[in-house]
């Protein structure tokens, strides 16, 4: 059974896909420490998204815990702040359920290579995302 949201997302996008980097910047202040390396990832991501030409409602950023967990809040797209080490299983589930959505995962070293290490190996093996 399809929901109203599923039906809306199946329709071709009729809006303006001529985005600029500013279209991916939300109205919230970025609250990372001065000199934080996360900004060196956020800014290029906001610049890259318009070049992809994907409607904003077809993009999702998934994160775990830690400073990188704030990333979905700093992108004006869909996002999900998961639990520690579980960003990849959440993203895999989203991509399997909705292959039409461009899914991006942002994690830190502890989130991905420590508690989420096995999920990283299995995500690579499945080649889903």
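The values are calculated or read from the model by the stated rules, or taken from the named source; none is laboratory data. In this text, all values refer to a predicted model and were calculated from it rather than measured experimentally. Cβ atoms come from the backbone with ideal geometry, glycine included; neighbour counts cover every protein chain shown.
Sort out which residues of segment 31-42 are assigned to a helix (DSSP H, G or I), surrounded by 13 or more Cβ atoms within 10 Å (Cβ to Cβ) and over 14 Å from the mean Cα position of the chain (by Cα), and write them in order of number.
39
Kindly evaluate residue 23 against the criterion of being at pLDDT below 70 and surrounded by 10 or more Cβ atoms within 10 Å (Cβ to Cβ). Give the steps one after another, and end with the answer.
Numbers: at pLDDT below 70: no; surrounded by 10 or more Cβ atoms within 10 Å (Cβ to Cβ): yes.
In short, no.
What residue, among those in segment 59-86 that are touching a residue at least 40 places away in the same chain (Cβ under 8 Å) and part of a strand (DSSP E or B), is nearest to residue 37 (Cα to Cα)?
63
Mind listing whichever residues of segment 87-129 are assigned to a loop (DSSP other than H, G, I, E, B) and modelled with pLDDT of 90 or more?
In the first step, residues of segment 87-129 are kept if they are assigned to a loop (DSSP other than H, G, I, E, B); the result is 98-101, 107-108, 115-116, 127-129.
Within segment 87-129, 98, 99, 100, 101 meet the criteria.
For segment 21-57, give me each residue that is over 25 Å from residue 98 (Cα atoms) and in contact with a strand residue (DSSP E or B) (Cβ under 8 Å, 6 or more places away or on another chain).
Within segment 21-57, just 41 meets the criteria.
Output the number of residues of segment 87-128 satisfying the condition of being over 21 Å from residue 67 (Cβ atoms) and either free of Cβ contacts under 8 Å to residues at least 40 places away in the same chain or over 11 Å from the mean Cα position of the chain (by Cα) (or both). Give the derivation first.
Here is the first cut: in segment 87-128, the residues over 21 Å from residue 67 (Cβ atoms) are 92-102, 118, 121-128.
Of the ones still in play, those that are also either free of Cβ contacts under 8 Å to residues at least 40 places away in the same chain or over 11 Å from the mean Cα position of the chain (by Cα) (or both) are 92-100, 118, 121-128.
The total comes to 18.
Looking at 101, 90, which one is touching a strand residue (DSSP E or B) at 6+ places or on another chain (Cβ under 7 Å), surrounded by fewer than 21 Cβ atoms within 10 Å (Cβ to Cβ) and over 23 Å from residue 25 (Cβ atoms)? Give the steps one after another, and end with the answer.
Values: 101 fails: over 23 Å from residue 25 (Cβ atoms).
Among 101, 90, only 90 is touching a strand residue (DSSP E or B) at 6+ places or on another chain (Cβ under 7 Å), surrounded by fewer than 21 Cβ atoms within 10 Å (Cβ to Cβ) and over 23 Å from residue 25 (Cβ atoms).
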